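The values are calculated or read from the model by the stated rules, or taken from the named source; none is laboratory data. Treat the numbers as computed from the prediction; the structure is a model and nothing was measured. Glycine also receives a Cβ, built like all others from the backbone with ideal geometry; neighbour counts cover every protein chain displayed. These accessible areas exclude ligands, DNA and RNA; they are computed on the full protein's heavy atoms, side chains included. Shrake-Rupley method; radii C 1.70, N 1.55, O 1.52, S 1.80 Å.
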Amino acid sequence: MNRNMLSGCLHKMKIILFLIAFIGFGGSYTLAGEWDSKEVVKECHVTFESKSDMEIFLNAISGELIVEETSGDEVVATMEARCHRDKDKCAEHFADLEFTSKWRGNKLSIGTNKGLGYKGDRSVKTVLSIPRVNRLNVEIAAGQTDISLNHVNELNVDMKAGELDIDVGQLDSFLNVNLLAGEVKINIPEASVGEIDLDAGIGDASIRRDGIKESVPRSFLVGARTHKYLSDGGAALNVDVQMGNIQLDLTKK
C-alpha cells in the first residue's frame with residue numbers, strides 16, 4: 001500500500017470513529033417499525049401559498065421525513081411528536097414544539113423551534129407536501145428520509161446518518177447528496193441525467209441502467225467511486241457518502 005492509499009485509509013478510520021461517537025451519543029433515530037407503538041403528544045400544521053420559481057429550504061427535526069409533490073398550489077407541512085418511555089418528561093419537551101418559517105422573495109425557509117433532545121424515548125414524523133418548485137434544499141441530522149418529486153430543477157440533501165430514498169420523475173439541473181453514514185437509494189429516468197459522480201468512502205456503490213447492474217470501481221480498497229458522462233445535456237448527479245452504500249437506478253420512463 002503506497003503512502004497516498006495509507007493516508008486515505010487513516011482519514012476514513014477517523015471518520016468511522018467520529019460516526020461511532022455521533023451515533024452512540026444521540027445520533028440514533030426511531031425506525032419505521034417502532035413508530036406505531038408510540039403515543040402522539042403534539043401535532044403541528046402550517047400552510048403557505050406557493051410563488052413563481054419557488055425555492056424551499058427545509059431544516060427538519062431528526063426522525064422520519066417524507067417530502068412529496070402534490071397537484072395543489074400550497075406548501076403544507078405537518079409534524080407528529082410521539083412518546084414511548086418517560087412520557088411526562090417527553091411530553092413536556094414537545095409541549096411548545098412548533099414550525100418556524102421565513103420568506104425572502106420567492107425563497108421559503110422552514111424549520112423547527114427546537115430539536116429532538118434525548119432520542120431514546122421519543123420520535124417525530126414530518127411530512128412536507130409541495131407543488132412543483134424550482135429548488136429544494138433538505139437538511140436533517142438523522143432518520144429515514146423519503147423524497148418523491150415529479151419534476152424539480154435542483155435538489156440538495158444533507159444528512160448526518162440514516163437512510164435516504166429519492167424518486168424523481170424529471171430533474172433539470174442537478175442533484176446533490178451528502179451523507180456521513182447510512183444508505184442512499186435514487187430512482188431517476190436516465191434521460192434526465194447527463195453526468196454522474198458517486199463516491200462511497202467506506203462502502204459500495206452500484207448503478208442499474210434499465211435493470212442491468214454495472215460495476216463501480218473500488219476506491220482505497222474499502223470504498224467505491226465513479227465519475228462518468230452519459231450525455232451532453234441532462235442534469236448532474238453528485239452523491240457523497242462517507243460510510244455506507246449508494247444505489248442508483250436509471251430507468252427508461
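The table below gives the values:
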{"item": "Entries of K38/K252; K51/K252; K107/K160; K87/K107; K102/K228; K51/K228 with Cα pairs more than 29 Å apart", "result": "K38/K252; K51/K252; K87/K107; K102/K228; K51/K228"}
{"item": "Amide hydrogen neighbours beyond the local backbone of G182, cut-off 5 Å, H modeled", "result": "G162, M243, G244, N245"}
{"item": "Label-point separation, D73 to K87 (7 Å along Cα→Cβ), nm", "result": "4.4"}
{"item": "The range 89-188 - accessible surface per residue (Å², probe 1.4 Å)", "result": "39"}
{"item": "Normalised contact order of the range 26-182, rounded percent, pairs of Cα under 8 Å and 6 or more residues apart", "result": "29"}
{"item": "Modelled FRET efficiency - R0 22 Å, K213 with N238, Cβ distances, 0.05 increments", "result": "0.55"}
{"item": "Accessible-area composition of the range 80-170, carbon plus sulfur, in percent [1.4 Å probe]", "result": "41"}
{"item": "Under Karplus coefficients 6.51, -1.76 and 1.60, residue-wise ³J(HN,Hα) of the range 100-111 in Hz, glycine/proline x", "result": "10, 8, 8, 9, 9, x, 9, 9, 10, 9, 10, x"}
{"item": "Cα-centre dipole for the range 32-152 with unit charges at Cβ (Lys and Arg positive, Asp and Glu negative), debye to 20", "result": "360"}
{"item": "Computed label-point distance, nm, for sites D165 and V40 using a 7 Å Cα→Cβ extension", "result": "2.2"}
